[in-house]
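The values are calculated or read from the model by the stated rules, or taken from the named source; none is laboratory data. Just so you know, these numbers come straight off a predicted model, no measurement behind them. With ideal geometry, Cβ positions are generated from the backbone for all residues, glycine too; neighbour counts draw on all protein chains shown. The accessibility values were calculated without ligands, DNA or RNA, using every heavy atom of the protein model including side chains. Shrake-Rupley method; radii C 1.70, N 1.55, O 1.52, S 1.80 Å.
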Amino acid sequence: MITLQFSTERDAVSGFIRWATRAPFSHCDCVLPNGCLLGARFSGGVRVRKPFYAKFSRIARYTCNSMNPKQEEVFYDFLYAQVWKPYDTAGIFNFLLHRKHDWRAGKAWFCDALLDAASIQAQDAFLMG
């Protein structure tokens, strides 16, 4: 079972991200089986962090029950392999400027691109059998 945590903080950056994306949340992490969070942030890049590492003002968790055990393993393996990679600052600026950017290059990540890439890896594992 994969659980994703979507969050918001009470600061200008979070507000700007919500405004620019027209979304109710400004950040997302994967909730690991031990309760820690794995995600990409401007400060520190891709890391495993404690459950309340930031002053979240709003949190929502969503669980995906549609993956089989092999897909879940691929999903988590992909995420763990990304730990210590930097934050994709260029990707964020390209997004804001509506420029093309290969967010799947895998050299750096922003939060939702990281989780999307992990989901694609899990889907590919299903399709490959």
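Values computed for the structure shown
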{"item": "For PHE126: the one exception among (1) modelled with pLDDT under 90; (2) among the aromatic types (Phe, Trp, Tyr); (3) buried (at least 17 other Cβ atoms within 10 Å of the Cβ)", "result": "(3)"}
{"item": "Flag if ALA81 is open to solvent by less than 40 Å² (accessible area, probe 1.4 Å) and hydrophobic (A, V, I, L, M, F, W, C)", "result": "no"}
{"item": "Elements of type strands (runs of 3 or more DSSP E) contained in segment 1-102, each with 1 or more residues being aromatic (Phe, Trp, Tyr) and at pLDDT 95 or above", "result": "2-9, 56-64"}
{"item": "Residue in segment 33-49 that is exposed (fewer than 14 other Cβ atoms within 10 Å of the Cβ), more than 17 Å from GLU73 (Cα to Cα) and small (Gly, Ala, Ser) present", "result": "yes"}
{"item": "Selected residue (only one of SER14, SER66, SER26 is open to solvent by 40 Å² or more (accessible area, probe 1.4 Å) and either within 19 Å of GLN121 (Cβ to Cβ) or among the polar types (S, T, N, Q) (or both))", "result": "SER66"}
{"item": "Pair list, Cβ under 8 Å, 6 or more apart: segment 49-73 residue within 11 Å of GLN5 (Cα to Cα), other residue open to solvent by 100 Å² or more (accessible area, probe 1.4 Å) and assigned to a loop (DSSP other than H, G, I, E, B)", "result": "THR63/MET1"}
